[in-house]
Amino acid sequence: MTGIVGAFVEAWSEIRIHRTRVLLSLIGVAVAVAALTSVVGLGAITQQATTENYERQSGRPATLFVSAYNPTTGATPDAKTLSTAFLTVTDRYSVDWTTRSTYAQVSVDFTEGLTPVDTMVVDVDYGTMHRVQMLTGSWFTAGDEQRLAPALVVNETVWKRLGSPDLRTHPTVTIQGADPVTAVIVGVTPDPPYSQGYATMFMLYDSYMAIAAPAQVQSLYPQFEAWVPTDIAEDLTGLIQRDIAGALGDGWQVDVNRQDYLVYQGEDPLLSIKLLVGGVAVLVLLLGALGLVNISLVTVRQRIREIGIRRSFGATAGRVFFAVMMESVVAAAAAGVVGVFIAVLVVKNPMVVGFIAQGITDVPAFPLEAALIGLGAATFVGALAGLLPALVAVRVKVIDAIRY
Amino acid sequence: MTLLELEGVTRTVELPDDEPLHILRGVDLTVSVGDHVSIVGRSGSGKSTLLNLLGLLDNPTSGAIRFDGRLISDMSANQRDRARGRDVGFIFQQFNLLGGRTALENAMTPLLYASGRQFWRREQIALEMLDRVGLSHRAQSMPEKLSGGEQQRVAIARALVRGPRLILADEPTGALDVETGASVMALLDEVAHSSGAALITITHDANIAALARRHYRLDRGVLAPVDVNRVLALAQPEVTL
């Protein structure tokens with residue numbers, strides 16, 4: 001016990017006395033750890049951003065897409081029949097998250113006249129399943145399905161064309177279905193980068209069906225999506241396909257398949273990027289370690305007399321080895337803490353987050369693994385850099401060193 | 001009570017393209033608790049090698065060294081290191097205080113390798129020892145702010161903090177003027193005597209050697225007793241060792 005405490009006391013005393021040299025030698029390590037930790041931290045945010053982007057496009061893992069057609073004629077079952085079958089079957093298997101989605105053009109009466117707006121017709125669950133991000137207001141709720149005046153979630157362009165009204169005043173627009181209908185705007189989505197000025201909006205599936213002209217209903221070809229746990233996705237795929245095919249009757253081919261990013265790209269679509277960036281960071285760290293080894297070796301050679309004196313007062317070879325190693329480890333770990341701190345400042349900097357995490361809904365906290373990797377790497381580098389000088393230190397011939 | 005015993009000790013170094021170099025030849029020496037022994041010798045006479053052996057830093061080529069009755073050749077390197085830390089205190093010619101550390105921190109250094117009470121009370125023990133050598137008022141001074149005599153007194157305090165039974169003084173006054181050297185030796189003798197430790201002074205200064213109670217001369221690796229009058233005669237400028 002006293003041996004370990006003594007070694008720490010010695011190491012700390014050595015670092016304190018040679019703080020300028022230690023500081024200089026550790027700048028490289030601190031910078032390397034900051035780089036490594038930042039890379040891991042930013043990597044986590046980038047991964048989250050990419051994942052969310054994937055999920056916006058093709059749903060969260062595992063999202064099952066259901067479609068049906070007649071293999072002979074190529075015809076599709078009417079939307080209502082397929083919709084009923086889909087909802088019945090997913091309800092049977094207690095699938096909590098389902099949505100129908102389709103595209104339609106709805107004319108909106110702006111001050112300058114009727115303008116067709118590309119409308120995505122969805123169910124309430126779509127917002128969660130596709131991580132729809134809100135600029136202001138809120139996404140549809142179950143209550144919105146009961147509204148007599150249909151609810152709309154418009155994009156920023158539409159909202160601005162309406163004069164950016166306060167949503168607490170329940171702004172309305174007139175839309176053209178079979179007849180003109182007043183609709184209430186409940187939420188606004190931000191325009192994605194590089195597509196400002198293009199008017200789009202969301203409308204609930206049942207609300208659209210209620211106002212759409214028969215011809216518009218006929219031309220609909222909705223998609224059906226179910227978000228299910230990944231571990232039972234395969235089993236549910238077979239069951240849902242079988243049950244919907246049974247509900248539709250003979251002659252219909254029912255396809256159920258996953259289109260979320262995981263099914264295409266395995267477990268980690270960012271593995272190659274991670275490996276590349278991680279490799280660069282490790283290289284930086286090794287260069288830092290090399291500098292530390294260099295300085296430590298020179299320092300130990302300058303300290304031969306001191307090591308001889310310590311040996312003459314009873315320091316065993318093991319103790320000298322441990323003390324020299326500890327100096328390096330303690331110093332590198334301290335540099336690691338500084339490096340991690342710098343990395344946190346970089347990664348959590350609003351400008352960096354704004355740049356990296358554009359459009360992200362769940363900005364991840366600074367990943368603990370990044371901090372641990374940074375600290376672990378620093379300690380490892382410290383041990384590695386301390387090894388050679390420690391070996392040199394134990395080979396010191398005591399009396400020769402003292403008389404040197 | 002015999003503390004250290006050398007019996008027919010030789011130390012030979014094999015040279016690559018030459019005859020083996022016999023540094024020590026059949027050295028016999030017995031040192032008891034409380035003894036004060038001086039060893040004089042010219043440069044190259046084997047003093048450093050003998051110091052290595054006496055300080056448990058090296059093994060003899062042949063012969064036996066017993067410390068406290070135990071053969072050091074039977075001890076592992078770690079056991080020798082621990083015995084050295086516990087029972088041997090070194091005082092060097094150039095003081096060899098550690099730079100960047102105060103007098104107190106220097107005096108505390110050997111206690112870092114102690115255990116139990118000695119380790120945990122190291123600051124207090126070191127302060128007491130500095131007080132004993134009359135330097136408690138300079139405890140926070142850096143070595144470079146101390147005079148040569150003060151530095152050697154810090155070195156004495158450092159050598160004695162663990163209460164060694166054997167003090168090895170290697171040219172302890174070599175870097176001091178005559179007056180300071182005499183006062184440092186008087187202090188060393190007094191402190192060693194009061195603590196009951198054996199003191200071996202290795203020097204080429206006959207005046208310092210004469211302060212010991214038993215005297216030896218090391219010449220070409222052979223250690224032989226020498227009379228105190230002979231030692232003092234050797235101190236005369238016209239006589240060479």
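The values are calculated or read from the model by the stated rules, or taken from the named source; none is laboratory data. Just so we're clear, the structure is a prediction, and the values are computed from it rather than from any experiment. Ideal geometry is used to build each Cβ from the backbone, glycine not excepted, and the neighbour counts take in all protein chains shown.
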Among (1) within 14 Å of chain B (Cβ to nearest Cβ); (2) closer than 30 Å to A:Arg56 by Cβ, A:Gly318 falls short only on (2)
When (1) more than 7 Å from chain A (Cβ to nearest Cβ); (2) charged (D, E, K, R); (3) crowded, with 22+ Cβ neighbours inside 10 Å are applied to B:Arg84, the one that fails is (1)
Do we find a residue being more than 42 Å from the chain's Cα centre (by Cα), among the hydroxyl-bearing types (Ser, Thr, Tyr) and farther than 25 Å from A:Leu24 by Cβ anywhere in region A:296-307?
-> no
Scan region B:113-123 residue by residue and report those that are of a type in the set (S, T, N, Q) and surrounded by fewer than 16 Cβ atoms within 10 Å (Cβ to Cβ).
-> B:Ser115
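Can you list the helices (runs of 4 or more DSSP H) lying wholly within region A:1-118 that have 1 or more residues being touching a residue at least 60 places away in the same chain (Cβ under 8 Å) and under 30 Å from A:Val158 (Cα atoms)?
Output list reads A:19-58, A:79-92.
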Kindly provide the set of residues from region B:87-111 that are under 20 Å from the mean Cα position of the chain (by Cα), facing chain A (nearest Cβ under 7 Å) and not aromatic (Phe, Trp, Tyr), ordered by number.
-> B:Asn96, B:Leu98, B:Thr109, B:Pro110
What residue, among those in region B:66-79 that are assigned to a helix (DSSP H, G or I) and more than 9 Å from chain A (Cβ to nearest Cβ), is surrounded by the fewest Cβ atoms within 10 Å (Cβ to Cβ)?
-> B:Asp74
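Return the residue satisfying two criteria in turn: it lies in region B:223-241 and is within 19 Å of B:Val9 (Cβ to Cβ) and surrounded by 15 or more Cβ atoms within 10 Å (Cβ to Cβ), and of such residues it is modelled with the lowest pLDDT.
Among those residues, the one meeting the criterion is B:Val226.
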Does A:Val324 count as touching an Asp or Glu at 6+ places or on another chain (Cβ under 9 Å) and assigned by TED's automatic domain parsing to the domain that holds A:Ser13?
-> yes
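Return the residues of region A:1-33 that are of a type in the set (Asp, Glu) and more than 14 Å from chain B (Cβ to nearest Cβ); say none if nothing qualifies.
Correct list: empty.
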Does region A:159-181 hold any residues that are more than 28 Å from A:Pro214 (Cα to Cα) and in contact (Cβ under 8 Å) with a residue 40 or more places away in the chain, and which are they?
-> A:Arg161, A:Leu162
What about B:Pro110, is it buried (at least 22 other Cβ atoms within 10 Å of the Cβ) and in contact (Cβ under 8 Å) with a residue 24 or more places away in the chain?
-> yes
Matching option when the condition is within 14 Å of another protein chain (Cβ to nearest Cβ) and either of a type in the set (Ser, Thr, Tyr) or closer than 25 Å to B:Met185 by Cβ (or both), among B:Ala114, B:Ala126 | B:Ala126
Residues (at pLDDT below 90 and over 22 Å from A:Gly308 (Cβ atoms)) located in region B:132-161 = B:Arg132, B:Val133, B:Gly134, B:Leu135, B:Ser136, B:Ser147, B:Gly149, B:Glu150
When A:Gly354 is run through (1) over 20 Å from the mean Cα position of the chain (by Cα); (2) modelled with pLDDT under 80, the failure sits at (1)
Within region B:32-43, restricting attention to residues that are part of a strand (DSSP E or B) and under 24 Å from B:Ser195 (Cβ atoms), which residue is farthest from the other protein chains (Cβ to nearest Cβ)?
-> B:Ser32
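Could you say which residue among B:Gly46, B:Gly63 is of a type in the set (Gly, Ala, Ser) and more than 14 Å from every other protein chain (Cβ to nearest Cβ)?
B:Gly63 is the lone residue from the list that is of a type in the set (Gly, Ala, Ser) and more than 14 Å from every other protein chain (Cβ to nearest Cβ).
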Here the residues within region A:334-359 that are farther than 13 Å from A:Ala370 by Cα and crowded, with 22+ Cβ neighbours inside 10 Å are A:Ala335
